[in-house]
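The values are calculated or read from the model by the stated rules, or taken from the named source; none is laboratory data. Everything quoted here is computed from the prediction, not taken from an experiment. Glycine also receives a Cβ, built like all others from the backbone with ideal geometry; neighbour counts cover every protein chain displayed.
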Amino acid sequence: MLLPADRNPQIPVFAQHSFVALVQRIREPLHIVGRVSDGLRGLACASEYATGGGDEGDVLGTLPPLYPEWLGDRSFAEAHSVRFPYIAGEMANGISTARMVIALAQADLLGFLGAAGMSKTKLEAALHELQAELGDRSNWGANLIHTPTEADLEDEVAELMLRRGVPRISTSAFTTVTPAVVRCAATGLRLDPSGQIVRRTAIFAKVSRPDIAEAFMSPAPPDLLALLVRRGQLSEAEAGLARHVAVAEDITVEADSAGHTDGRPLVALLPAVLAVRDAVVGRYDLARPVRVGAAGGLGEPGAVAAAFALGAAYVLTGSVNQMAVEAGLSLVAKSMLAQADVTDVAMAPAPDMFELGAQVQVLRRATLFPSKSARLYRAYRAYPSLAAIPAEERHALEREVLGATMDEVWEHAREYWLARRPTELERAAADPKHRMALLFRWYMSRSSRWAIAGDPHRIADYQIWCSPAAGAFNRWTAGSFLAVPENRTVVQIARNLLEGAAVATRAHQLRSYGVALPAAAFQFRPRRLD
């Protein structure tokens, strides 16, 4: 594609406003033209300016083509049968739907089913749909979330994923490796004819602390391998090979993000984990490489380019994909997210770790969930039981937060735990404080379901996981192709973020070679990319 003659009267070009279009042509070699003596720098596409010299100046350097596919670690694409170093991460309660994962896989991208919070029946149905649609493809996976109070549930989900042959499993919320994780990592390990270790299931570990990253980068603990062999869940041969490979060969460093987050900055956390990786690989002389990717805050191309510049092998997005047409979130909740700015987030008590005081990052614009859930947590901390809550405060919580009497809410909570784990009810009968926690947790767990279903009566109670990345995405896409809801497919979001990151990377390359670029050269406007 040549530049229009009326906009580019000479080749090369030296006017800054003319640089913008050339920077966007990332798939073509680009000459930096000028004279060392006067410091002036111009640009020309190599295909249009082959000779150099003369009045225009000399070719001082040439940048090779730059493709979005090349931004990360090339081994990532090879290992996972994908074209791009990009993942659409798992969003719990099935917000990352089978439909989303299928669309990504068919576009040679990688996505994970949001299995956390899904019932076993729904999870099995979703896995069946994925396998029926994707056949022999291996570039898809599902999430295994840590459930410290329900170890049996964690084991059951791991068993189901192994039985269904899920090719890639992303673990999240783990503070250490567990038998379920080690079983998933080691099952099916074998040697190929050349003597190389082959994995049946690839494990991705989402972490936000260097010490946890180290545990997943290391070989499985011998005591856990021995335990699984005794249980008959691993063979001696599998356990033996597991001593030579990392539990997870793809470590996703999760910085400030939606949902559960430690709120750490990526620029500090990612280099620390990369240093840990180098030390661990050297210590164990691992038979296979360990890659480190980046997640958290990646809502526009500049952030994605920055993650790759820091050394990320791949990037993982979350918040922005909740606005995709394939996301399992109601239209009204998607609309609320689409209005968010970078500051429209807040921390709120986490439903699954309520008693521990853990928090999640959520949308605060157009919803009262952060303040309402905080009121419940304050009451939980202040009183030993529901009966101890003063009548006036109790009625206020029922009227302004729960939307029902506490007796009515308890019946809903009781039915849930009766079906899921009756031992929780036995504990609640003996511990009034635990009964209060289960009742309050019902509201907070239902709040995300109301957002998914689009319950028109509970909009003020919607719990929508959100990070500043959503606001960055909205600012970047405003007035563009991706501002239109029906254009926001998960694939178009991915392709535009990667294309834009490549443009930003090319601009940074030119600036480092002394080319004075206008601010517009670092910007990429979303468009349809096929």
Cross-chain or 6+ apart pairs with Cβ under 7 Å, the stretch 131-152 first and within 28 Å of Ala79 (Cβ to Cβ), then among the aromatic types (Phe, Trp, Tyr) and at pLDDT 90 or above: Leu134/Trp140; Gly141/Phe112; Ala142/Phe112; Asn143/Phe112; His146/Phe174
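Out of Tyr383, Tyr443, report the one residue that is among the hydroxyl-bearing types (Ser, Thr, Tyr) and within 31 Å of the chain's Cα centre (by Cα).
Values: Tyr383 fails: within 31 Å of the chain's Cα centre (by Cα).
Result of the check over Tyr383, Tyr443: Tyr443.
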Hits in the stretch 448-493 - residues which are under 25 Å from Ile102 (Cα atoms), touching a residue at least 60 places away in the same chain (Cβ under 8 Å), among the aromatic types (Phe, Trp, Tyr) and in a helix (DSSP H, G or I): Phe473
Elements of type helices (runs of 4 or more DSSP H) contained in the stretch 186-257, each with 1 or more residues being farther than 24 Å from Ala77 by Cα, among the aliphatic types (A, V, I, L, M) and without any contact (Cβ under 8 Å) to a residue 40 or more places away in the chain: 210-217, 222-231
Which numbered condition Gly135 misses (of (1) farther than 30 Å from Trp450 by Cβ; (2) modelled with pLDDT of 95 or more): (2)
Flag for Ala333 being among the aliphatic types (A, V, I, L, M), under 29 Å from Val491 (Cβ atoms) and either assigned by TED's automatic domain parsing to the domain that holds Ala213 or in contact with a Leu (Cβ under 8 Å, 6 or more places away or on another chain) (or both): no
Scan of the stretch 139-169 for residues that are surrounded by fewer than 17 Cβ atoms within 10 Å (Cβ to Cβ) and either small (Gly, Ala, Ser) or outside the structural domain of Ser96 (by TED's automatic domain parsing) (or both), ordered by number: Ala151, Gly165
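Where residues in the stretch 442-484 are of a type in the set (S, T, N, Q) and farther than 17 Å from Ala88 by Cβ, which of them is surrounded by the most Cβ atoms within 10 Å (Cβ to Cβ)?
Going through the stretch 442-484, the residues of a type in the set (S, T, N, Q) turn out to be 445, 447-448, 463, 467, 474, 477, 480.
Those still in the list that are farther than 17 Å from Ala88 by Cβ too: 445, 447-448, 463, 474, 480.
Values: Ser445: 17, Ser447: 23, Ser448: 25, Gln463: 27, Asn474: 22, Ser480: 14.
Only one residue fits best here, namely Gln463.
Residue-by-condition table, conditions (1) of a type in the set (Phe, Trp, Tyr); (2) closer than 22 Å to Glu129 by Cβ:
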position: Glu156; (1), (2): no, yes
position: Ala173; (1), (2): no, no
position: Val182; (1), (2): no, no
position: Thr187; (1), (2): no, no
position: Arg190; (1), (2): no, no
position: Arg200; (1), (2): no, yes
position: Phe204; (1), (2): yes, yes
position: Val207; (1), (2): no, no
Residue match in the stretch 323-331 (condition: crowded, with 20+ Cβ neighbours inside 10 Å, at pLDDT 90 or above and assigned to a helix (DSSP H, G or I)): yes
Every residue from the stretch 507-530 that is under 25 Å from the mean Cα position of the chain (by Cα) and surrounded by 17 or more Cβ atoms within 10 Å (Cβ to Cβ): Phe522, Gln523, Phe524, Pro526
Within the stretch 450-496, tally of residues that are over 16 Å from the mean Cα position of the chain (by Cα) and hydrophobic (A, V, I, L, M, F, W, C): 12
Test set (1) farther than 17 Å from Ala258 by Cα; (2) out of contact with any Phe, Trp or Tyr (no Cβ under 7 Å at 6 or more places or on another chain); (3) without any contact (Cβ under 8 Å) to a residue 60 or more places away in the chain; (4) not small (Gly, Ala, Ser) - Val409 fails condition number: (2)
Matching option when the condition is at positive phi and in the same structural domain as His146 (by TED's automatic domain parsing), among Gly94, Gly89: Gly94
